[in-house]
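The structure under discussion appears below in the form of structure tokens.
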Amino acid sequence: MLRVSNIHKSFNGVKILDGITVDISKSEIFGLAGPSGSGKSTLLRCIQDLEKPDCGMIERNGKTCFMFQDFQLFPHMTVVENLLYAPNLTGEKNKNEQRANTILMDLGLESKKYAYPQELSGGQKQRVALARSLMINPDILLCDEPTSGLDVATTMDVVLLLKSVCETGVTMVIASHDLDFLTKISDRIVLLKNGKIVVDMNMSKYDDPINYLRKYY
């Protein structure tokens with residue numbers, strides 16, 4: 001479904017990704033863990049073609065969608081207009097509106113449907129960004145810190161929603177510093193450090209994955 005082969009990336013002479021190779025299966029929830037500067041976001045951006053690797057190859061089957069950590073919502077559009085803008089360029093408006101309403105309800109945003117981004121909290125903006133990503137029915141969903149700014153209860157709602165999306169056949173690659181969140185949602189976690197993979201773990205094989213990851217953090 002997604003193959004990353006020997007990816008290298010540097011910025012201003014600083015190595016950010018140093019020979020990353022992973023294969024990610026269809027419908028897998030793949031977690032990217034690691035401290036700040038470890039290369040998590042850069043790897044996601046390379047997969048989405050937002051950054052070009054210095055060398056290596058990325059093979060992906062299907063449509064990818066990127067959920068940005070800094071939201072990137074259109075400030076002059078309401079929440080529902082942000083969700084509908086891209087899908088309405090190519091799809092059926094009535095069907096898109098029904099899907100938007102369902103996603104907003106699932107994320108607890110139905111009361112904010114006609115609000116503008118500047119009227120939302122950081123956590124609400126994050127959920128709108130997730131909702132907008134889900135609107136295009138991606139085959140591969142790339143999430144950069146999808147629970148940033150969310151409280152514990154809302155984070156669990158996001159876990160349940162993403163798992164339900166995965167059950168429809170969507171592959172997910174999720175970068176997060178929140179090990180508790182990643183271990184709750186991921187089928188597999190890779191820990192990056194200094195641009196290299198230092199841990200590649202199948203979650204079903206570990207009884208205490210958080211403490212295991214922290215040993216290498």
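The values are calculated or read from the model by the stated rules, or taken from the named source; none is laboratory data. Keep in mind that what you see is a predicted model, and the values were worked out from it rather than measured. Positions of Cβ are backbone-derived with ideal geometry, glycine not excepted, and every protein chain shown enters the neighbour counts.
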Practice problem: Sort out which residues of segment 1-27 are touching an Asp or Glu at 6+ places or on another chain (Cβ under 7 Å), of a type outside the set (G, A, S) and under 14 Å from T42 (Cα atoms), and write them in order of number. | Solution: H8, K9
Quiz prompt | Pair list, Cβ < 7 Å and 6+ apart or interchain, from segment 53-77 residues that are of a type in the set (D, E) to residues that are in a strand (DSSP E or B) and surrounded by 13 or more Cβ atoms within 10 Å (Cβ to Cβ) | solution = D54/H8; D54/K9; D54/S10; E59/R3
Practice problem: May I ask you to say which residue of K95, K15, K52, K9 is basic (K, R), under 30 Å from N211 (Cβ atoms) and either at pLDDT 95 or above or more than 20 Å from the chain's Cα centre (by Cα) (or both)? | Solution: K15
Quiz item: Do we find that I174 is surrounded by 16 or more Cβ atoms within 10 Å (Cβ to Cβ), among the hydrophobic types (A, V, I, L, M, F, W, C), out of contact with any Leu (no Cβ under 6 Å at 6 or more places or on another chain) and modelled with pLDDT of 85 or more in this structure?
Solution: yes
Self-check item: Pairs with Cβ under 8 Å, 6+ apart, first in segment 170-199 and free of Cβ contacts under 8 Å to residues at least 12 places away in the same chain, second assigned to a strand (DSSP E or B)
Solution: none
Practice problem: Output yes when any residue across segment 129-149 is basic (K, R), surrounded by 20 or more Cβ atoms within 10 Å (Cβ to Cβ) and on the phi < 0 side of the Ramachandran plot, and no when none is. | Solution: yes
